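What follows is one structure encoded as C-alpha cells, with my remarks underneath.
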C-alpha cells in the first residue's frame, strides 16, 4: 500500500516542498526513513509510533518505508512528524483525508500525541502557496505565523486526538437520509465532525473515518496587514532628550537614520556613545509590509518569531552581539547554514559596541554584506544566500586607555603613539572605508546643560520627511534608501554640478580618499540635501558630508606630521 503527504523543510531561510511517501508491505515489522534524513528526522519513528498508540490508533505491524523526496536534499528538523503520522494512518486505512494532496502538513509530535510548533513555518507556507497548495495544517503555536501568507487556508490541531478516534461508531443511518438529518446525527454522536460510510456486510469491522477539517479552521483575528503592532515600550521610554548636549551627534544620527548610512562614534568612556546609538531605533520609520515579511521569514527560520502574535512586525530589528561572537555567529553558518546576526539585523540596525574589541577576523567578514547587502555561504552541497541589508552602528574609544582628547586634567591619556596606532589598526582600512560617518563624541561641557534638548520626536519627524522624499524618488526602483544608490542610479539621482564636483575632487586629493569614499560622500550629501528639502546637492551639503569622516582626516594629519 502506498500513500503520500506534503510537508516542507527549511533550506537556509527559504522553504522547500518535501513529499512524504509511505509504503506498507509484508515483512518484518520495522520502519525505515530514507531520503538523507538527519538525526531529528530519524528519531521521528519513535515519536510517531508512541503518539499513534497513545491516541488510540494502531501502528502497522508491517514493513514501513518512509521516503522524503527529493532524496538528494538533506533534511533536518522535526517538522515532518505530523505528515509521517497522518501518512501512516491514511495508508493503513484508519483515516481518510480527501484533500491530502492539496494540504501542507507541518508539526512536531510529542509522545502523547500533542503537536508542538516548529521553526520556519512562514517560509514553508509561502513555498507551498507557490507550489499551488492552498491549505495548511499546523500546531496552534504556528497558526498566526502561517496566516500571514495570503491565499492560504490555515487549519490547526493541538493533538492527534482532535482527529476522529477509531471505534467511535455512529448509530445506524437510514437508507436515504437527508443531508440535514445525517449531519445532526453525526454532530450528536461524535465530539468532532466525521463522515462514516457503514456497509451491512462490514458491520463487524472498524469503520473507515473520513477527516473533515472545517472544525479545525483557524480564524485569525488580524484581517489584513494594516493592523500595526504598537512600538515597543523601550522605544517609547528612551528619548534623546535624556542625553545632555551632544546635539552635533544627534544631527549625525538623524542623517544616518534618514539614509541608512553606516556610522561610528568615537569618544572617551562615559560620553554617551552607547546611549545615543541604543535610541536610534526610535527615530527610524516603521517597516513596510514587504520589509516586515522579509524580516519575519528570517526570524521564523531562526526560531525567534514565537511572540509575533499574528501581526506584521513594525519595529526595525536592533541586534547588539557581544564582542566575543564568532564569525559564524555574525554572518551565519552550520552544516545547513542558519542566519547570523547580520541577517537578523536585516532592514534594521547592527550595533557593535567597543568595535576594536571584536576579533579582526570577525570584523573582516562584514565586508561583503556591507557592500552587497547579502551574505553568501558556500558548502559542499549548495550555496546559501541570506539577506543582510542593515545600518551598521559602532562605538569605540579613541585609544586603548580611552582618554585621548578627554579634555580633563584629572584623566589624561597614557598611551604612546605606537599603542594608539596598534589599537586603531584592529580596524582595517577597507572596513573603515565602508563607514559613511565617523563622528567624535567629546565629554559634555558645562554650558551644554543649558542647551535646548533635541527629542526623539523631533528627530523622527525629520527622518520621516526625508524618507518620504526617497520613497517617491525611488518608487520605480528596487531600492528605498540613498545608501543603496550605485552605478547609473547614483549618477542620475545624486548628480553634482561642475563646481561641487571640482570641490569634491580637491577634497579627495587632499585627504587621499578612495573612489568608494567618493561615492559614499555623494550619497551622504544626497541625504543631507533631502533633510534640508533641497532638490540638488550643494557645496554646503558636500562640506558637511566630508566633515563626518573624522578618522580619515586624522590619519592624513598624522601622515603629514610624520
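Computed from the coordinates by the stated procedures, all read-outs in this text should not be read as laboratory data. Because the structure is predicted, anything quoted here is derived from the model rather than measured. All Cβ positions, glycine included, derive from the backbone under ideal geometry; neighbour counts span all protein chains shown.
Gyration tensor over the Cα atoms of region 355-443: the corresponding equivalent ellipsoid has semi-axes (square roots of 5 times the eigenvalues, largest first) of 34, 14, 9 Å. The label-point distance for residue 503 and residue 2, in a model that sets each label 7 Å from Cα toward Cβ, rounds to 7.5 nm. Sorting 518, 346 by the number of Cβ atoms found within 10 Å of their own Cβ, with the fewest placed first, yields 518, 346.
In region 1-132, Cα pairs under 8 Å separated by at least six residues give a relative contact order of 35 percent.
Cα extents for region 233-484 along the principal axes, largest to smallest and rounded to whole angstrom: 59, 42, 34.
Between residue 73 and residue 378, the FRET efficiency estimated from the beta carbon spacing at R0 = 25 angstrom works out to 0.90. Residues 289, 81, arranged from fewest to most other Cβ atoms within 10 angstrom of their Cβ, appear as 289, 81.
Between residue 238 and residue 550, the distance separating the two model label sites (each 7 Å from Cα on the Cα→Cβ line) works out to 2.0 nm.
Taken along the Cα-to-beta-carbon direction at a fixed 7 Å, the label points for residue 367 and residue 428 span 0.4 nm.
A viscosity of 1.002 mPa s and a temperature of 20 °C, combined with the Kirkwood radius over C-alpha pairs in the Stokes-Einstein formula, give region 1-157 a diffusion coefficient of 140 µm²/s. Overall shape: oblate for region 411-543, with the ratio a/c of the largest to smallest alpha carbon gyration tensor axis at 1.5 or above and b/c at least equal to a/b.
Multiplying the residue separation of residue 473 and residue 385 by 0.36 nm and subtracting their alpha-carbon distance yields 28.8 nm. Residue exposure proxy: 322, 248, 261, ordered by other Cβ atoms within 10 angstrom of their Cβ from fewest to most, comes out as 322, 248, 261. Judged by the gyration tensor of its Cα atoms, with axes a ≥ b ≥ c, region 251-355 is oblate; a/c meets the 1.5 cut and b/c is at least as large as a/b.
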